[in-house]
Amino acid sequence: MCVKDAKKVGQEIENLDDNNNNKRLGPLHCEVLHTQMEKWDEESSLISSTDRISPERSFPLESICEEAVAVERKQNLLSFVPALHSGVWSDIGGRQYMEDTHICIGDLAQKFGYNLLCDDVISFYGVFDGHGGKAAAQFVRDQLPRVIVEDADFPLELEKVVTRSFIATDAAFAKRCSLEAALSSGTTVLTAMIFGRSLLVANAGDCRAVLSRRGIAIEMSEDHRPCCAKESMRIESLGGYIIDGYLNGQLGVTRALGDWHLEGMKGMGESIGPLSAEPELKLVTLTKEDEFLIIGSDGIWDMFSNQNSVDFARRRLQEHNDVKLCCKQIVDEAKQRGATDNLTVVMVNFHTEPPPPVVVQRARVRRSISAEGLQSLKCLLEG
């Protein structure tokens, strides 16, 4: 993967500059390798194309032209540079207390005073849906980004860094709760990091991220709920159980940070409980076809399907191209549909212009009739 390959590049550059220890290598040095590889591919393509042209011909074959079109389209997609702009909107919904919170950081390294060797920017977005109080959600919101940046492998191995940071932040909150019992609570967490053309989503809980790709909804996370077969198997293997759709009869989610006060849910060291703070990750490379990312707390997804949210957002962005207003309209629509939970939406747009209309091509359907049906038709026509 792009993130993992960057570590080798970082080692080479650090050997060239031992005196500059206060700077770190950004993940987009892998972009340099990627660009060089594309250049080699182009050169190889030109050589192979030339070999196929006979001396008598002065024009390339038609098949070569088709290959060139395909290569050009691929290069246009891969040369895409996201123009990020984000918006957010929250509402208490039908609840008595607001336990959702969120975060949007345009430049994660700069926020915490770290310098990268390249001009690359790592953006960080997150939604935190608290339960049993808002202390856990606010603690994780404030601490998780710092823990990520302070990891020794940041930013070269972001997948490992993010996973370790979720677990480390959860342990830090356990320590804080042991000193202040009033803070005892839990939170689901979904974060999205964008660096260059890479999008890394980490999820622990039932918040959800959905990517719009040419108007098609791409699910970037899976809800961690007791009804999920994979989660159910993991829980049972750790001595947990599910009653009436609740983990150990207490929680409606199977992964979360916090909840250390709930007996039998979590443990330190080798004593691992069924409630996990480890996130599931999904890494994709953005192209020009990717339009925007929607991150929402579960109250949003109770009212919207993935595709419905993308369709709704595209129509609004085509009307006004205002990301924050679009978030507000999603929340308002969820309330009109009868939402009773807290509602939070973060949207990240990858283009400055609104989404283009999607032209749906009708599929060609072959129609046929069986021999028996044909005979029946003949009899009917002949009387």
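Brief remarks follow.
- In the range 128-170, the qualifying residues are those that are closer than 19 Å to residue 272 by Cβ and polar (S, T, N, Q), and the one that is surrounded by the fewest Cβ atoms within 10 Å (Cβ to Cβ) is 163.
- Residues that are acidic (Asp, Glu) and modelled with pLDDT of 95 or more number at least 3 in none of the helices (runs of 4 or more DSSP H) confined to the range 48-157.
- Checking the stated criteria, residue 328 turns out to be over 14 Å from the mean Cα position of the chain (by Cα), farther than 24 Å from residue 224 by Cβ and buried (at least 17 other Cβ atoms within 10 Å of the Cβ).
- Any strands (runs of 3 or more DSSP E) falling wholly within the range 171-242 and containing at least 3 residues that are crowded, with 17+ Cβ neighbours inside 10 Å and not acidic (Asp, Glu): 186-195, 198-204, 208-213
- Flag if residue 162 is over 24 Å from residue 133 (Cα atoms) and either outside the structural domain of residue 130 (by TED's automatic domain parsing) or part of a strand (DSSP E or B) (or both): no
- Tally, over the range 265-303, of residues that are assigned to a loop (DSSP other than H, G, I, E, B) and touching a Leu at 6+ places or on another chain (Cβ under 9 Å): 14
- Scanning the range 282-295 turns up no residue that is in the same structural domain as residue 135 (by TED's automatic domain parsing), without any contact (Cβ under 8 Å) to a residue 24 or more places away in the chain and surrounded by 15 or more Cβ atoms within 10 Å (Cβ to Cβ).
- Enumeration of residues in the range 100-136 that are closer than 30 Å to residue 250 by Cβ, of a type in the set (D, E, K, R) and in contact with a Phe, Trp or Tyr (Cβ under 9 Å, 6 or more places away or on another chain): 100, 134
The values are calculated or read from the model by the stated rules, or taken from the named source; none is laboratory data. All values reported here derive from a predicted model rather than from experimental measurement. Here Cβ is always computed from backbone atoms with ideal geometry, including for glycine, and neighbour counts include all displayed protein chains.
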